[in-house]
Every structure is written in C-alpha cells, then in structure tokens.
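Chemist: Would you mind keeping the following structure in view while I ask a few things?
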Amino acid sequence: MSELLGQFAREPVVMGVIACCSLLSIAIIIERFYFYYKTREDDEQLLLEVRSRAQSGDVEGAIRFCENRESSIARTLKDVLISHKEKRKNYEKTVEDAILREEPRLERFVGALAILANAGPLMGLLGTVIGIIHAFGAIGAGEGSVSANELGRHIGLALWATAFGLIVAIPSYICAQYFTNRNNAAYTAMRTAASHLINILETGKEA
C-alpha cells in the first residue's frame, strides 16, 4: 500500500484519474446491482397471476396487480392490458413502446461502464509511457550513470500504472457485459410474456 501511495505522489495526475475511474466504476456497478435487486420479481408467479386474471376476464384486477410491481415485465404487461381494455388492439406497437420506455431504466450507466473499461488500460498505458520517459530522462540527465533506486522508481511507476489501469478495466468490462446480457434477456422475456398475454386476451387461452 505504501508503494502504491508513493506512486500517487510521483504522478498524481495520471494515477488520480485512474483512481477516479475506479471509484466511478464501483459506484455504477453498485447502483446497477441495487437496481436489479430493487426490481426483482418472481416472474413465473407474476405471469401465472396475470394470466389467471386475464383468462377469468378480470382485466382491471390484472392491471392493479401489475401496478404494484416494479419489474419491466410487469410494466409491459400492464400496458398490454390497458391497450386491451381501451380496445386499441395495436399490441405490437404497445409492446415496442413499453420496451423503449424501459430501455433507459435498464441501460442506465451501462454505456458509461463500458467506456471506463476501455479508458482504464489507456490511462494505464499513459502512465507507463510517462514512467518510461522519466526513466530515460534520468539516464540522459546522468549521462548514463543513474542510481538503481531512481531508475526503479520510474519503472515502478510504469508498472503500477499498467496494473492499476487493468484493475479498473477488468471488473468494469465483466460487469458491463453481464449487464448487457441481462438486459437483452429482459427484453426477450418482456416480448415473450406479452405475446402469451396477448394470445390469452384474444383467444381466451394460451398458445
């Protein structure tokens, strides 16, 4: 830890920017996991309840049931039920509009996390280049004679910058991919659930 703090003191700008990227990345990851936790639902139970009420003709009850839920599937099903109640019947547009409305909630900060995943190694590379420049500058200033301790400090900065940049990038990249895959699965689940509900509303039974 003392060595890392020493590198911050030697190159505060680069290392400070990497540290800020790290903190921002952690904040985004925590916020996204909290969002998924807050909006978690037993989707199977949700679908069973909504389908049951729709089959029995209790569209109002199904709408009220969905209104008390925070998941994207519940909000999409509610829009379908309202569309059916108001006899608009343009279900495809209703579902796509619902998905477009949910997209900002699901995609929030995921793009920024992907940018941080790419920026981390680049900032680390910048720190590496600066460390090597300092090392060669010390060698040139000493006309070929420079202490191993001084040279080691500059090389240490280069290596620490690379390592710290990767520490930021790896979890950011993994989490960004995880969030993207989870969101894609959510979009598929929304369309599938809506399709089943529409079939019930139109025919009185599931496909």
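The values are calculated or read from the model by the stated rules, or taken from the named source; none is laboratory data. What you are looking at is a predicted structure, and each value in this text was computed from that prediction instead of being measured. Virtual Cβ from ideal backbone geometry, glycine too; neighbours counted across all protein chains shown. In case anyone asks, the SASA skips ligands and DNA or RNA and just uses the protein heavy atoms, side chains included. Shrake-Rupley method; radii C 1.70, N 1.55, O 1.52, S 1.80 Å.
Chemist: Looking at segment 186-203 only, could you name the residues that are free of Cβ contacts under 8 Å to residues at least 24 places away in the same chain and either open to solvent by less than 60 Å² (accessible area, probe 1.4 Å) or over 13 Å from Ile99 (Cβ atoms) (or both)?
Modeler: Residues satisfying the conditions are Asn199, Glu202, Thr203.
Chemist: Then there's this: Do we have any residue at all in segment 16-24 that's under 30 Å from Leu125 (Cα atoms), touching a helix residue (DSSP H, G or I) at 6+ places or on another chain (Cβ under 6 Å) and among the polar types (S, T, N, Q)?
Modeler: Scanning segment 16-24 turns up at least one residue that is under 30 Å from Leu125 (Cα atoms), touching a helix residue (DSSP H, G or I) at 6+ places or on another chain (Cβ under 6 Å) and among the polar types (S, T, N, Q).
Chemist: Please work out which residue is nearest to Leu197 (Cα to Cα), limiting yourself to segment 78-123 and to residues that are modelled with pLDDT of 85 or more and in a loop (DSSP other than H, G, I, E, B).
Modeler: Residue satisfying both the conditions and the ranking: Arg108.
Chemist: For segment 127-138, state whether one or more residues are in contact with a Ser or Thr (Cβ under 9 Å, 6 or more places away or on another chain), assigned to a helix (DSSP H, G or I), modelled with pLDDT under 85 and open to solvent by 90 Å² or more (accessible area, probe 1.4 Å).
Modeler: Checked segment 127-138: no residue is in contact with a Ser or Thr (Cβ under 9 Å, 6 or more places away or on another chain), assigned to a helix (DSSP H, G or I), modelled with pLDDT under 85 and open to solvent by 90 Å² or more (accessible area, probe 1.4 Å).
Chemist: Within segment 54-76, track down each residue that is surrounded by 20 or more Cβ atoms within 10 Å (Cβ to Cβ) and under 19 Å from Pro104 (Cβ atoms).
Modeler: Ser71, Ser72, Ile73, Ala74, Thr76
Chemist: Another question about this same structure. Out of all the residues in segment 13-48, which are of a type in the set (D, E, K, R), open to solvent by less than 50 Å² (accessible area, probe 1.4 Å) and more than 13 Å from the chain's Cα centre (by Cα)?
Modeler: Answer for segment 13-48, where residues must be of a type in the set (D, E, K, R), open to solvent by less than 50 Å² (accessible area, probe 1.4 Å) and more than 13 Å from the chain's Cα centre (by Cα): there is none.
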